[in-house]
1. Quote to one decimal, in nm, the extra length available between Arg366 and Asn260 on full extension: 0.36 nm per residue of separation minus the C-alpha distance between them.
2. Calculate, in nm to one decimal, what Leu160 and Glu128 gain on full extension: separation in residues at 0.36 nm each, minus their alpha carbon distance.
3. Placing unit charges on C-beta atoms (Lys and Arg positive, Asp and Glu negative, everything else neutral), compute the dipole magnitude of segment 628-718 about its Cα centre in debye, rounded to 20.
4. Which order do Arg440, Arg132 take by accessible area at a 1.4 Å probe, largest first?
5. List every residue whose amide H lies under 5 Å from the amide H of Asn701, counting only residues 5 or more places away in sequence or on a different chain, with H placed 1.01 Å from N in the peptide plane.
6. Mind grabbing the accessible area of Arg296 for me, 1.4 Å probe, Å², rounded to tens?
7. Could you order Glu53, Glu259, Glu350 so the one with the most accessible surface comes first? Probe is 1.4 Å.
8. Quick check: convex hull over the Cα atoms of segment 224-480, volume per residue in Å³, rounded to an integer?
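The values are calculated or read from the model by the stated rules, or taken from the named source; none is laboratory data. Since we're looking at a predicted model, the values are computed, not measured. Neighbour counts are summed over all protein chains in view; Cβ atoms, including those assigned to glycine, are modelled from backbone coordinates with ideal geometry. Surface areas here come from the heavy atoms of the whole protein model, side chains and all, with no ligands, DNA or RNA. Shrake-Rupley method; radii C 1.70, N 1.55, O 1.52, S 1.80 Å.
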Amino acid sequence: TTFQDGGEEVEEGAVYSVTLKKVQIQQAANKGARWLGGEGDQLPPEHTVRQYETSKIRAIKAGTLEKLVENLLTAFGDADFSYISIFLSTYRAFASTKAVLELLLDRFGNLETLSHVEVANLNSFESEIILRAEIASVLRAWLDQCSEDFREPPDHTCLLKLLDYLKNNMPNSDMENKVQNLLKQFQNQEAEAVDGFCSTSSSDLADGEELEISNPEEFSSFQDHVVAEQLTYMDVMLFKKVVPYHCLGSIWSQRDKKENKNLAPTVRATITQFNAVTKCVVSTILGTKELKIQQRAKIIEKWIHIAHECRILKNFSSLRAIISALQSNSIYRLKTTWMCVSKDILLMYEELSEIFSDNDNYLTSRELLMKEATSKFANLDSSEKENQKKSQKRLQLQKNKGVMQGTVPYLGTFLTDLIMLDTALQDYVEGGLINFEKRRREFEVIAQIKLLQSSCNSYCLIPDQKFIQWFRSQRHLTEEESYKLSREVEAAADSHVLSPKSQKSMVKRISTLFLGTDVITPPKEQPPKVSPLGGSSGESTDSASVSSFEFNHSETEDVCVTPISSPEDPLKKGYDSDKDSIGSVFDKGSGFDKCSILDKASGCDSGSVSDKGSSSMPYISSKVLPVYNRQSGGACIIRVSMDGINDSVYKSILITNQDRIPDVTQRALLKHNLEPDAVEDYELVQVISEDKELVFPRDANVFYGMNSHVNFNFILRKKA
């Protein structure tokens with residue numbers, strides 16, 4: 001089979017891409033071979049005659065909503081077999097369930113409202129029966145793949161409308177019974193809340209029971225594999241309930257608006273669970289001040305073992321939550337405690353941390369997830385020899401039981417990709433048509449989520465109520481409390497003792513952790529600075545913001561950045577924002593002027609750059625998307641925080657080589673939910689270093705005026 005690009009076809013309200021597919025349909029013996037009595041499949045190529053058939057595949061690239069809905073009925077005829085699944089998985093980004101259902105049932109489902117020409121245009125449908133069969137096929141796929149779209153408590157208007165259509169057009173059909181059962185299910189659930197495994201509110205506890213600081217002895221009584229299995233059980237239950245369209249960048253990025261406080265509840269639930277695990281790790285390590293250094297080190301070792309068990313179970317969500325907690329500000333600074341962790345355990349920790357290395361856009365974790373997504377068991381061949389022996393024993397036990405495993409991903413990877421796509425690709429193209437090519441790209445990510453959700457059905461885990469009750473009852477420390485306790489437990493240690501050389505090159509830290517919406521802002525008065533040790537140049541990260549565990553492992557917009565490092569020498573590692581992720585808007589702009597560099601320490605210098613602006617909108621390849629910290633293809637992504645509001649929370653903005661200051665400022669204000677008309681009241685500043693910044697004049701071209709050799713971090717500041 002070979003494919004050839006057939007160009008585009010343009011109709012009123014739609015643009016189609018055409019691909020020519022050439023398929024061999026027959027291989028027959030030539031005349032001479034037939035005379036000898038040979039058969040085509042038994043002869044060499046020179047004695048055969050091949051016959052080919054060329055078919056046309058037509059896939060819609062962009063169109064009006066009406067055309068996109070109409071294409072649901074014609075896609076199979078055009079050989080665009082994945083169209084229905086793509087549309088149903090992504091249409092919530094540009095239309096409502098009500099709008100699509102009304103078009104499908106009232107516009108195309110009612111033949112009395114269609115003209116003869118329109119009926120003929122529907123892929124030459126010859127009868128009302130065929131048309132209704134196509135509509136039934138779409139409705140069946142909709143109910144099977146996206147039944148949650150019809151959950152609209154308390155009225156369930158769309159489901160009732162669908163039921164009415166089926167009673168009139170397909171009475172007593174299986175689909176009518178299915179819709180009636182779905183309606184009863186929704187009504188009985190009464191706006192069912194997402195599973196609250198990870199809730200720590202007192203309402204989840206038994207009468208008279210209070211939240212408590214972790215008891216080390218009680219925690220130690222749980223076997224490592226039991227803890228990992230129970231965390232996996234909770235993660236699986238929540239991940240299977242994730243509604244894929246909740247992950248779309250255009251939907252997830254709107255969650256912070258006041259009217260959207262209940263938006264994407266299934267994604268929020270996974271984030272809450274992730275946060276609960278990280279907080280549990282911290283509270284078990286720091287919650288009891290009376291512990292000896294060796295006892296605290298044993299708890300760290302236990303969590304590393306649990307993380308390793310999560311790896312064997314292919315639970316990458318809790319695995320990352322545990323690693324993130326161990327690399328957090330209040331834990332990594334426990335230098336004397338880390339010195340007591342055994343070398344073998346540190347090697348295991350290093351291996352697990354490398355999975356989430358931020359190199360090449362988290363390439364290691366992405367490749368590992370693709371490799372193990374549908375495999376029956378984890379692949380641990382890359383482990384150190386000692387760890388590999390232990391791992392293989394655990395794996396063999398599972399294989400002997402005949403129990404297959406699913407895969408629980410770190411959902412943040414997919415949310416980051418979807419935010420990225422939403423940032424880089426336009427929603428509409430020329431003529432105001434909906435850009436469906438963007439939805440095809442998004443579906444590639446959504447399909448991976450669905451595949452992993454399906455794989456989770458392979459888990460056979462039984463809840464351990466004793467552990468779950470213990471997990472729920474933990475009182476989580478605030479970031480101020482954890483930081484204070486961290487300093488107290490280290491107070492007696494020799495401040496000049498460094499971690500042993502065995503920890504050299506220990507964990508390549510995750511440079512940023514994504515925090516959730518309810519971010520605890522670091523205190524204005526930072527802890528006193530600690531002199532760098534071991535010849536470190538720069539200040540201790542202890543003097544930076546106290547770490548927060550409101551990890552939004554999902555996102556790239558609204559990130560409260562916390563400096564974190566490895567225990568090897570935390571003071572040598574400063575904040576590196578290079579590896580964050582993005583999400584924002586695409587818009588137009590223009591031209592360039594000069595910029596000035598203000599040296600906060602010694603005064604002001606200025607300089608100018610010639611105009612490099614282009615009069616035409618740059619073409620941004622859909623194959624190579626703009627990224628943070630790199631200019632390519634006439635576009636890049638910058639991060640803009642608001643001065644004086646919360647400097648550590650940024651918004652990601654896509655800019656092109658035509659964007660001037662007013663355009664970028666207006667978009668940044670919109671992203672920060674501020675009044676966009678106040679553009680004149682603000683100035684845009686690029687942070688060059690601790691004591692230098694680049695201030696842009698009003699009409700400057702941001703793309704050409706910015707310093708591309710430093711991080712693309714900007715501040716929006718009110719003019720004096």
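1. Numbers: separation 106, 0.36 × 106 = 38.16 nm, distance 3.06 nm.
Taking Arg366 through Asn260 to full extension adds about 35.1 nm, to one decimal.
2. My answer for the length gained is 9.2 nm.
3. In total the dipole reaches around 360 debye.
4. So, going from the largest accessible area down, we get Arg132, Arg440.
5. When sequence neighbours closer than 5 places are left aside, the close amide H contacts are Phe592, Asp593.
6. Its heavy atoms expose roughly 10 Å² to the probe.
7. The most accessible residue leads, giving Glu259, Glu53, Glu350.
8. Convex hull of Cα atoms, per residue: 147 Å³.
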